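FYI, it's all coordinate maths here, none of it is from the lab. Please read all numbers here as calculations on a predicted model, not as lab measurements. No Cβ is skipped: glycine too gets one built from the backbone with ideal geometry, and neighbour counts run over all protein chains shown.
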Amino acid sequence: MNRKGTVWVTGASSGLGLHTATALRDAGWNVIAGARSFREPAFRDGMNLLPLDVTSEESVRAFRDRALAISPEVYALVQCAGMLVLGSCEETTVEEFRRVMDTNFLGMVRMNQQVLPLMRARGEGRIVLFSSINGLLGIPFQNAYTASKHAIEGYAEGLQMEVRPFGIQVMLVEPGDHRSGSDKYRPHGSRMNPDSPYTGEYERTVARIHHDETHGRDPDRLGRRIAKALERRRMPFRRRIASPDQHLAVWLHRFFPARLNEAVLRSYYTKKRKIR
Ligand SMILES: NC(=O)c1ccc[n+]([C@@H]2O[C@H](COP(=O)([O-])OP(=O)(O)OC[C@H]3O[C@@H](n4cnc5c(N)ncnc54)[C@H](OP(=O)(O)O)[C@@H]3O)[C@@H](O)[C@H]2O)c1
């Protein structure tokens, strides 16, 4: 058993979840990682891998039981599982909105409901929730995702107030673009097609999003920053990990009038220009 205790990490099969799980393992934590593509329980690369679908109550409970059989305590839960659907508000189906909310937001709620009684009983614990810059400001054609990340932001504020008296700390991670995401988890909405009235702006926005991610920040560095934050006596409630431009965008969003914000962000994402 590891000296630093046990951390559960969701969405740990790829992207920032995998980089975070790896950094936690390297920092000496006992990592129990969950994702749907871990089809059978396994021990690989110094981590326990367990099947987990955060949209299923049954799967979440099975994950908890298996994790507790491996290690009877959980010090921290790091929630990275996420997805998005690209599409206009008009053409993204309600079912697609539901799938994104169910994964990104309700998935966190389900996992938290499993660990909170365990952490309360111990009188300590840490919960790390992956939000996004899009939890703070909206951009076009990523609306279901943006809504889910805004939900996480509000939920986390109330959660922290409720659980602080039990010695449990909550941290929101707000990443900007990182070179980690996979297109597999960013499908185009089923109704988006070349005849859509939004096609031009949609395609330019998707190209911009893709460009910013592929030129984004180092995911290993993000993993190490989370590992470091977990060891602090007091975790910060918000940890924004983004480029200076994105920090500035959040700041302007807070202080600029809404119309000016809209003009700046709309132009950035939808204006015709060469994207290199
Ligand atoms: N990449 C960025 O630039 C960026 C920026 C801001 C925020 N984020 C946030 O960071 C987190 C990771 O995103 P990413 O882009 O780095 O990774 P990603 O490559 O898109 O990976 C998503 C992860 O979530 C898991 N997942 C999806 N649905 C799941 C479900 N129902 N149950 C359990 N696991 C599920 C996937 O594993 P399986 O398919 O194996 O289940 C995968 O491990 C997300 O919360 C995302 O919103 C990322």
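Results, tabulated for the structure shown:
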item	result
Residue-span extension gain [residue 211 to residue 95] - 0.36 nm each, minus C-alpha spacing	39.0 nm
Listed residues 41, 187, 257, most fluctuating in the chain (Gaussian network, C-alpha, under 10 Å)	257
For the chain, built as a Gaussian network whose Cα springs stay under 10 Å, the top-fluctuating residue of 112, 193, 104	193
Antiparallel DSSP beta bridges within the chain, as percent of all bridges there, nearest 5	10
Among 189, 158, 216: highest mean-square fluctuation, GNM of the chain, C-alpha pairs under 10 Å	158
Distribution of pairwise C-alpha distances over segment 6-270, 5 Å bins, in %	1, 6, 13, 17, 19, 17, 12, 8, 5, 2, 1, 0
Loop trypsin sites (Lys or Arg not before Pro), segment 19-116, which have at most 15 other Cβ atoms in a 10 Å radius of their Cβ (DSSP)	36, 39
Cα-centre dipole for segment 6-270 with unit charges at Cβ (Lys and Arg positive, Asp and Glu negative), debye to 20	940
Helix-only [θ]222 nm of the chain, DSSP H runs n ≥ 4, -39500 (n - 2.57) each, per residue, nearest 500	-14500 deg cm²/dmol
